[in-house]
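Working notes, beginning with the structure itself.
The values are calculated or read from the model by the stated rules, or taken from the named source; none is laboratory data. Quick caveat, the model's predicted, so the values are computed rather than measured. A quick note on method: Cβ atoms are made from the backbone with ideal geometry, for glycine too, and the neighbour counts reach across all protein chains shown. Just the protein is used for accessible areas: all its heavy atoms, side chains included, with ligands, DNA and RNA removed. Shrake-Rupley method; radii C 1.70, N 1.55, O 1.52, S 1.80 Å.
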Amino acid sequence: MGRRTGIALAMLLTSAAFVAAVPAQADSFAYVSNAGSNDISVFRLDGNSGAMTPMGTVPFVGVDKPGSSTPLALSPDRRFLYAGVRSQPYQVQIFAIDAATGKLSHLGSGPLADSMANIVTDRSGKYLFSASYGGDKVAVNPIGPDGKVGPPQQVVATGKNAHSIQPSPDNRFAFATNLGSDRLVQFRFDAATGGLSENDPPSVALPVKSGPRHIVFHPDGRHLYLVDELDAAVAVFAYDPATGRLTEMQRLPSLPADFKGEPWAADIHTTPDGRFLYISERRTSTIRSFRIDPESGELTPLASVATEEQPRGFNIDPTGRFLAAVGEKSDGMTVYRIDGGSGALIPLARYPAGKQPNWVEFVTAP
């Protein structure tokens with residue numbers, strides 16, 4: 001065997017060994033809510049290539065008028081998917097998720113207290129939290145063992161424009177953004193009864209006309225991140241799990257210094273490993289990335305990439321390797337590979353969705 005042939009064979013064997021050493025990644029099911037067509041687009045995400053395979057569209061039952069958006073929520077055990085309907089009668093559509101196929105089966109609906117911009121379950125899956133932008137309130141609905149949602153058991157008036165609500169990692173507290181009154185509301189949460197009550201202090205004041213919109217906890221449970229709608233800033237808060245109190249640590253802009261328009265930021269997510277954070281901005285149709293310091297939790301801006309038109313929602317798959325963003329005005333979804341070293345978003349492919357897509361949720365396939 002000649003020298004060149006031997007080198008080529010050695011390279012081939014080394015490459016094959018490397019490929020064999022890389023573990024296969026699990027697939028995921030992606031669910032995209034479409035407010036304009038009152039349905040959910042279902043995809044299967046290949047865990048290795050990032051390719052999406054359309055698996056069909058599931059319509060809402062008994063809903064005729066489109067709403068301004070359709071927030072989604074998953075049960076903690078990933079058995080149920082909830083979709084908030086923002087046209088009257090206000091309700092949550094309930095679907096069972098087939099773990100093997102990702103197929104959605106309609107189970108019914110439950111009443112909501114108002115047009116809810118955001119819905120999420122508590123960490124036990126026994127209660128559904130919701131926040132009403134137009135109604136200036138948050139609410140709690142009970143969830144049965146079968147996934148069915150009962151009537152609201154508590155409705156709490158908040159400051160102006162309650163936009164989102166999230167439970168704490170230990171399920172002892174909850175936090176709601178008030179976009180119109182520039183406050184983060186702090187609640188105590190009784191997981192046994194599903195009751196919300198004021199914490200001390202009851203809220204955290206934020207900069208005037210910042211417009212706090214969406215929040216997300218870091219996987220370490222020690223930090224909370226906030227994206228402002230009206231100034232597109234990103235804020236970092238230290239979270240005290242003993243008291244349920246938030247303390248702002250850092251605030252930084254996400255748009256270039258020479259940006260002249262009116263900011264309109266939307267969604268925020270971290271990678272499962274807690275190394276990177278991303279936000280979407282609708283006026284520029286971009287997604288901005290940040291590196292998260294593993295000790296302090298503070299952010300370092302990285303880059304901005306163009307995405308779907310008016311990206312109200314996006315999400316990251318459970319492996320942290322892919323990001324899917326949808327555009328309200330483009331009726332499409334773009335999938336990116338997340339570079340594990342730099343956090344850079346590498347566009348892979350674009351897929352059609354329904355009308356006015358605005359939310360993405362992922363469930364790991366078996």
message: Just the residues that are part of a loop (DSSP other than H, G, I, E, B) and either acidic (Asp, Glu) or surrounded by 18 or more Cβ atoms within 10 Å (Cβ to Cβ) (or both), please, taken from region 319-359.
response: Thr319, Arg321, Glu328, Ser330, Asp331, Asp339, Gly343, Ala353, Gly354, Gln356
query: Could you say whether any residue in region 130-147 is on the phi > 0 side of the Ramachandran plot, in a strand (DSSP E or B) and either touching a strand residue (DSSP E or B) at 6+ places or on another chain (Cβ under 7 Å) or crowded, with 20+ Cβ neighbours inside 10 Å (or both)?
result: no
- line: Scanning region 255-282 residue by residue, those under 13 Å from Gly211 (Cβ atoms) and outside any strand (DSSP E or B) turn out to be Glu262, Pro263, Trp264, Arg282
- line: Scanning region 166-208 residue by residue, the ones that are farther than 16 Å from Gln153 by Cβ and aromatic (Phe, Trp, Tyr) total 2
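Is it the case, given these coordinates, that Arg251 is within 27 Å of Asp220 (Cβ to Cβ) and modelled with pLDDT of 95 or more?
Considered against the rule, which asks whether it is within 27 Å of Asp220 (Cβ to Cβ) and modelled with pLDDT of 95 or more, Arg251 comes out as yes.
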- line: Selection from region 292-318 of residues crowded, with 21+ Cβ neighbours inside 10 Å, under 16 Å from Pro347 (Cβ atoms) and touching a Gly at 6+ places or on another chain (Cβ under 8 Å) yields Thr307, Glu308, Pro311, Asp317
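Would you tally the residues in region 88-113 being polar (S, T, N, Q), closer than 16 Å to Ile40 by Cα and part of a loop (DSSP other than H, G, I, E, B)? Step through it out loud before you land on a result.
The initial filter retains those residues of region 88-113 that are polar (S, T, N, Q), namely 88, 91, 93, 101, 105, 109.
Applying the additional criterion that residues be closer than 16 Å to Ile40 by Cα yields 91, 93, 101, 105, 109.
Remaining after also requiring part of a loop (DSSP other than H, G, I, E, B): 101.
Number satisfying all stated conditions: 1.
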statement: Selection from region 325-335 of residues touching a residue at least 40 places away in the same chain (Cβ under 8 Å), within 14 Å of Ala306 (Cα to Cα) and touching a Gly at 6+ places or on another chain (Cβ under 9 Å) yields Ala325, Val326, Met333, Val335
query: Counting just the residues of region 254-309 that are polar (S, T, N, Q) and within 17 Å of Phe217 (Cβ to Cβ), which one comes out farthest from the chain's Cα centre (by Cα)?
result: Ser296
query: Any residue in region 255-267 that is surrounded by 15 or more Cβ atoms within 10 Å (Cβ to Cβ), of a type in the set (A, V, I, L, M, F, W, C) and in contact with a Phe, Trp or Tyr (Cβ under 8 Å, 6 or more places away or on another chain)?
result: no
message: I'd like to check something: does region 108-123 contain any residue that is open to solvent by 20 Å² or more (accessible area, probe 1.4 Å), more than 29 Å from Gln88 (Cα to Cα), in contact with a strand residue (DSSP E or B) (Cβ under 8 Å, 6 or more places away or on another chain) and not charged (D, E, K, R)?
response: no
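Please tell me if Thr177 is modelled with pLDDT of 95 or more and more than 18 Å from the chain's Cα centre (by Cα). Outline the logic, then answer.
On the way: modelled with pLDDT of 95 or more: yes; more than 18 Å from the chain's Cα centre (by Cα): no.
No.
Going through region 319-351 one residue at a time, which ones are among the basic types (Lys, Arg) and touching a Ser or Thr at 6+ places or on another chain (Cβ under 7 Å)?
Keep residues of region 319-351 that are among the basic types (Lys, Arg), which gives 321, 329, 337, 350.
Scanning region 319-351 gives a single hit, Arg350.
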statement: So, first residue closer than 13 Å to Val140 by Cα in region 157-169, second residue open to solvent by less than 10 Å² (accessible area, probe 1.4 Å) and among the acidic types (Asp, Glu), Cβ within less than 9 Å, six or more apart or across chains; the pairs are Pro167/Asp122
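So which residues in region 151-171 are more than 20 Å from Ala113 (Cα to Cα) and surrounded by 18 or more Cβ atoms within 10 Å (Cβ to Cβ)?
Across region 151-171, the qualifying residue is only Ser168.
Identify the residue in region 251-303 that is among the charged types (D, E, K, R) and touching a residue at least 60 places away in the same chain (Cβ under 8 Å) and, among all such residues, is farthest from Asp339 (Cα to Cα). Full working, then the answer.
Taking region 251-303 as the starting set, the residues that turn out to be among the charged types (D, E, K, R) are 251, 258, 260, 262, 267, 273, 275, 281-283, 288, 291, 293, 295, 298.
With touching a residue at least 60 places away in the same chain (Cβ under 8 Å) added as a condition, the list becomes 275, 298.
On the way: Arg275: 11, Glu298: 20 Å.
So the residue we want is Glu298.
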- line: Going through region 176-215 in order, the residues found to be in contact (Cβ under 8 Å) with a residue 60 or more places away in the chain and in contact with a strand residue (DSSP E or B) (Cβ under 6 Å, 6 or more places away or on another chain) are Leu184, Gln186, Phe189, Gly194, His214
field: region 32-83, residues that are open to solvent by 20 Å² or more (accessible area, probe 1.4 Å), in contact (Cβ under 8 Å) with a residue 60 or more places away in the chain, touching a strand residue (DSSP E or B) at 6+ places or on another chain (Cβ under 7 Å) and not in a strand (DSSP E or B)
entry: Ala51, Arg78, Arg79
